[in-house]
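The values are calculated or read from the model by the stated rules, or taken from the named source; none is laboratory data. Given the structure is predicted, the values throughout are model-derived calculations rather than measurements. Glycine also receives a Cβ, built like all others from the backbone with ideal geometry; neighbour counts cover every protein chain displayed.
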Amino acid sequence: MRSSITTVMDGVIPSLYHSPWNPLLHCPHASNHVHFGYPSYPSKQISSNQHAYHYLDPNSPIHVRQHEILSQMMKAINGEYAAIACYQKLKNLAPTKKEKTIINEIRKDEIRHFNTFSNLYTQLTGKKHTPIITEKCPSDYKKGIDYAFNDEQETVDLYLDIAYHTDNKKVKEEFLRAAHDEQNHAVWFLYFLR
């Protein structure tokens with residue numbers, strides 16, 4: 001059995017604990033305290049008038065700490081936001097109608113992923129993530145396609161990592177679905193590189 005860590009600060013228990021990530025566990029033995037975490041993992045008792053941050057052991061084979069998943073989700077949202085902008089540029093640079101059409105379809109997938117991940121993030125945190133573009137898309141078509149191919153491959157790894165390290169069914173399903181889409185995108189970009 002893995003241990004968990006709870007840090008406590010004065011304040012009120014946030015509503016974040018009433019989420020799929022870290023359900024509130026009711027203790028049948030006393031009414032003046034609560035447990036946070038999952039039944040299979042030991043959690044520290046805290047007074048119900050304290051503010052707690054609870055993290056599962058990062059070596060857990062089933063769970064990844066909440067903040068790590070949320071950080072990865074923000075990275076995914078930023079990546080989708082950047083891909084939407086980059087693929088618009090590549091579509092405009094594409095030399096053939098076929099390539100323009102395919103890149104536009106890929107861009108539509110990225111818009112769908114962006115919206116899905118943004119909604120999931122908001123549902124889990126109660127906050128909206130404001131996306132940023134962290135990498136610049138090349139202005140040369142072939143360099144842009146090469147960049148897109150490599151980015152799609154790295155994105156598959158990120159999405160699979162998120163999916164395999166969460167126990168949230170909706171997050172798992174959406175990131176697995178998106179990972180499959182990203183792999184298909186990589187195949188198209190590889191085809192355009194020939």
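Data for the structure
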| read-out | value |
| --- | --- |
| Condition met for ASP157 (in a helix (DSSP H, G or I) and surrounded by 14 or more Cβ atoms within 10 Å (Cβ to Cβ)) | no |
| Single residue of GLU154, GLU182, GLU174 found to be touching a Ser or Thr at 6+ places or on another chain (Cβ under 6 Å) and closer than 18 Å to GLU68 by Cα | GLU174 |
| Total residues in segment 94-123, condition closer than 17 Å to ALA82 by Cα and not hydroxyl-bearing (Ser, Thr, Tyr) | 14 |
| Subset tally (residues that are outside any helix (DSSP H, G or I), over 25 Å from the mean Cα position of the chain (by Cα) and surrounded by 13 or more Cβ atoms within 10 Å (Cβ to Cβ)) for segment 82-137 | 1 |
| Some residue of segment 156-172 being farther than 22 Å from MET74 by Cβ and in the same structural domain as MET74 (by TED's automatic domain parsing) | no |
| Residue selected from segment 164-194 under the condition of a type in the set (Asp, Glu) and closer than 20 Å to ASN104 by Cβ, by the criterion surrounded by the most Cβ atoms within 10 Å (Cβ to Cβ) | GLU182 |
| Output for segment 146-155, where each listed residue is within 15 Å of ILE77 (Cα to Cα) and not acidic (Asp, Glu) | THR155 |
